Structure formats: C-alpha cells, structure tokens
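**Student:** Sharing a structure, written as structure tokens. Questions coming.
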Amino acid sequence: MIVFGMGLTLSPEEQKSIENATEQGVRVYAMGTTNDSTEIGSLKNEERKAVSDYLGNGGKENLKRLLNYTRRVLDGKTFFSHPVEEAITIPNDTIFHTKTDTLYENVQQYQNWYQAAGLAKPGMPKVALVTSVMGAGSLSRGYVCQLIDGLESRGINVYAISGFMKRLDFLKTIEPDLMIYLPHGRIAPGNSNEILAWLKARNTPVLAPIDVFMPYEDWINTQKGLLGGMLSQSIAMPELDGGIEPYAFAAQFKDDNGLYLSQAVPERLEMILDRVERWLALRKKENKEKRIAIIYYKEPGQNAMTAGGMEVAPSLLNMLVALKNAGYDTGPLPETVEAFMADIQLRGPLLGPYAEGAMDDFLKSGQPELVSAKDYMDWVKDALHPDIWKDVERIYGPPP
C-alpha cells in the first residue's frame, strides 16, 4: 500500500487500521509526508530507497519497474515477473515536448531538436510554459500537453520547463515574450527576488491559470472555489512574482477506466489561448492603441468617493493625466477635480431600481453606451456557465 502523505492527516481509526494491516503482513510506504502522524511504513531501508527512487523519478517506465519490484521483492513472487531493474534517473530540470520522449537539459539542445522536427517558427513569439505539478516525470501530462499543442496551433514557439532549480537560467536563455506559470507556490523558491527583477526589467507578462484539483462536477457545483493551502499555493504566492489572471481552466475528469485525470476544460483552454494571443499583441501596440478599463469605488447618489482614506476622484484624475502623458488616448480631461467629479456624477452614477427618475435623466443626458439585448445575451453565453445564468435570470428576470 502506497500512501500519498502530503497534507494528509489520519484519524486515530485510520492510523489503527494501517497498523493492523502492517501486522498482517501488508507492506506500507508513505511518500511526501508532512507531519508526524503520517510517518507510517513497514519497508526495510533498502526497500524504502528503491520505492522512493521509482516514485521520485516518475514516468511510466519507472512505474512499470515499481510494479515488477513490488511483485518480485516485496511480495516474494518470482513467477510471471522480470528481473528487478533500478529506477531510471530523470533529470530534475528539463525542457520537454509532446512530440518526443527525450528530455533536454539545456536550451540549445532543445532548439536544435525543435528546428530539426520542423516545429520552430522563425520570427514568431516565444512562450515559456513553466510547470510545477505536471512535469517531465508525470504519468499523465494532461493539460500541459493540451496547452503545448494549442499554443503551437496558433503559431507560437513553446518551451515547456519542468523542475525548480534552473528556471531562471532557462528563462534568461530563452528570453520569452510571455510566460505561463502553472502554479504551486513561488516561481523560483529561494531565488524569487532575482527572477522578479528579471521579469520586471523585460516587462514579461506572467499568466498563472490554475488547476482546481477536484472533479469538474464538484467544482461547478460548489460556491467555495479553492480553499486554504490550495488558494495560497495557486493564487496568492504566484502573485508575489507578478503572476496574473488566475483563471481556472483545468479539473479532473474520469477516463475509460473510471480513474480521475487532470484535463483542460475545452472552452476554458480556448480562453487561455485567446488571452495569450492578446497579451502578445499588446506588446507590439503603441499606447494610444491600447484600451484600459479602470474600476473605482463609488456609492449611490452624491456620496463622496472614498476608499480606505484615499480620495478616489483626485487619484483617478492623476492616473488619467499620467496615462495621457504616457501616450494613451484618454480623450479631453477636465482641468479641475471639481469638474471631473461633476462629470462622474453625470456620466457614471450608480443607480438602484428605486431611482427611476434618476435613471430616466441618465438615459437622456448621461451619454450611456447602449447594448442590445442580443449582444448582451451573446456575451452572457460566452462568459457564464448555463447554470449560473439560470440563477441570475431566476432572481432578476430576463434582460429587457
């Protein structure tokens, strides 16, 4: 029995059950334990090392060798088994691809293969795909392979990086136009300040889409989303290194054998690919061609706009002036905060259903951007899960 111990807490009953099993001869090994209560096992030192090597290196061939070792050594059955083979050592830091089993330990080797295989696209953008969970030694690379194939189908050169220690070295050699980080904590543990400075100096966007690590049906039907350690590892910590857009795009789906495998949700994978293309396009645009949405805090009516002791209207105007000076097309700006505030009250009021008269005035004089019901519903269907839209319609009714 192999127990995955990371984050595992056993109840006294579970602990006793395992102890009873070992007393009856069941061989037990716990990998990745993170607390004393899961320090369980009944293997001898040399057996524990062998099993640890098979699992630690990963890959299908090592799993086959582990199963053979289990039958021949741990269970003592030599019939219908093969001579024991040691684990194949898989390098910790590599660049890999879906179309080859070879793992490359330096960028130049990978580029030579990439070009020889006819996959390189001269003059096209380069994306570094840095993975923490599904690396080169994973039995199923699932959505990592789907991301690689999807990016290449859009004319992008892809460098899939597995491992922790040489990430910055790989990135400096590759010089990617954009980085996708499939997160599990900081991008470069122990070297965060250097990688953060390098990404900032190059102005390299870091998209951090996430795996929800649960069955798709469970995730869709829960209001909770990610909790605790997963929330920290997948969203909060990557943000410290500049990770943005923590868009959930992968979950667990059952395969033909009824086993759960992590795969991309098809429409959400397309969304990630669209975002990558748009970020790459932004890098080539002049500021005057870019569009920015600013979300600010405002209460209904004439209430002052304040947030945490900050005066919102002066801050907004200062920001708009700075953007204009940087070449963004802001249109004409009011010269005073008072004029700016009056413009916001006219064109950006927050109107409740109780304020019918104010809403009529706004429609006449507030210069609103009117959206047809058809366009609105097209956006809704593209952005929301059908069950979520049903809840909206149940509470508020259909669009007018």
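**Student:** Determine whether the stretch 272-290 contains at least one residue that is assigned to a loop (DSSP other than H, G, I, E, B), in contact with a Lys or Arg (Cβ under 9 Å, 6 or more places away or on another chain) and surrounded by 12 or more Cβ atoms within 10 Å (Cβ to Cβ). Write out each step before concluding.
**Tutor:** From the stretch 272-290, those assigned to a loop (DSSP other than H, G, I, E, B) are 285-286, 290; that's our starting set.
Keeping just the survivors that are in contact with a Lys or Arg (Cβ under 9 Å, 6 or more places away or on another chain) gives none.
The answer is no, given that none of the residues of the stretch 272-290 is assigned to a loop (DSSP other than H, G, I, E, B), in contact with a Lys or Arg (Cβ under 9 Å, 6 or more places away or on another chain) and surrounded by 12 or more Cβ atoms within 10 Å (Cβ to Cβ).
**Student:** Regarding ASP149, is this residue in a helix (DSSP H, G or I) and within 17 Å of GLN109 (Cβ to Cβ)?
**Tutor:** Working: in a helix (DSSP H, G or I): yes; within 17 Å of GLN109 (Cβ to Cβ): no.
Taking the combined requirement at face value, the residue does not satisfy it.
**Student:** Which count do you get for residues in the stretch 50-83 that are part of a loop (DSSP other than H, G, I, E, B), farther than 30 Å from PRO176 by Cβ and either in contact with a strand residue (DSSP E or B) (Cβ under 9 Å, 6 or more places away or on another chain) or in contact (Cβ under 8 Å) with a residue 24 or more places away in the chain (or both)? Show your work before the answer.
**Tutor:** Filtering the stretch 50-83 for residues part of a loop (DSSP other than H, G, I, E, B) gives 58-59, 75-83.
Cutting the leftovers down to farther than 30 Å from PRO176 by Cβ gives us 75-83.
When the remaining residues are screened for being either in contact with a strand residue (DSSP E or B) (Cβ under 9 Å, 6 or more places away or on another chain) or in contact (Cβ under 8 Å) with a residue 24 or more places away in the chain (or both), the result is 75.
Final tally of qualifying residues: 1.
**Student:** Scan the stretch 155-190 for residues that are more than 20 Å from VAL107 (Cα to Cα) and loosely packed, with under 15 Cβ neighbours inside 10 Å and jot them down.
**Tutor:** Correct list: PRO189, GLY190.
**Student:** In addition: Being open to solvent by 50 Å² or more (accessible area, probe 1.4 Å) and assigned to a strand (DSSP E or B) is the filter; apply it to the stretch 25-46 and report the residue that is modelled with the lowest pLDDT.
**Tutor:** GLY41
**Student:** Something else about it: Output the qualifying pairs, or none if there are none: Cβ atoms under 8 angstrom, residues six or more apart or on different chains, first residue in the stretch 14-35 and β-branched (Val, Ile, Thr), second residue in a helix (DSSP H, G or I).
**Tutor:** VAL28/ILE18; VAL28/ALA21; VAL28/THR22
**Student:** Filter the stretch 341-362 down to residues that are under 18 Å from GLY397 (Cβ atoms) and of a type in the set (A, V, I, L, M) and give me whichever is least open to solvent (accessible area, probe 1.4 Å). Walk me through it before giving the result.
**Tutor:** Here is the first cut: in the stretch 341-362, the residues under 18 Å from GLY397 (Cβ atoms) are 351-354, 356, 359.
Within this subset, residues satisfying the condition of being of a type in the set (A, V, I, L, M) are 351, 359.
On the way: LEU351: 56, MET359: 75 Å².
Selected residue: LEU351.
**Student:** Let me ask something else about it. Which of (1) of a type outside the set (Asp, Glu); (2) within 30 Å of GLY155 (Cβ to Cβ); (3) at pLDDT 95 or above does LYS284 not meet, given it meets every other one?
**Tutor:** Among (1) of a type outside the set (Asp, Glu); (2) within 30 Å of GLY155 (Cβ to Cβ); (3) at pLDDT 95 or above, the lone unmet condition for LYS284 is (3).
**Student:** Right, another one. So for the stretch 367-374 (the condition being modelled with pLDDT of 90 or more, of a type in the set (Gly, Ala, Ser), surrounded by 10 or more Cβ atoms within 10 Å (Cβ to Cβ) and closer than 20 Å to ILE295 by Cα), does at least one residue qualify?
**Tutor:** no
**Student:** Only one of (1) open to solvent by less than 60 Å² (accessible area, probe 1.4 Å); (2) touching a strand residue (DSSP E or B) at 6+ places or on another chain (Cβ under 9 Å); (3) outside any loop (DSSP other than H, G, I, E, B) is not met by ILE195, so which one is it?
**Tutor:** Condition (2) is where ILE195 drops out.
The values are calculated or read from the model by the stated rules, or taken from the named source; none is laboratory data. Bear in mind that the values here come from a model prediction, so they are computed numbers and not experimental data. Every residue, glycine as well, gets a Cβ built from its backbone with ideal geometry; the counts of neighbours run over all protein chains shown. Only protein heavy atoms, including side chains, enter the accessible area calculation; ligands, DNA and RNA are left aside. Shrake-Rupley method; radii C 1.70, N 1.55, O 1.52, S 1.80 Å.
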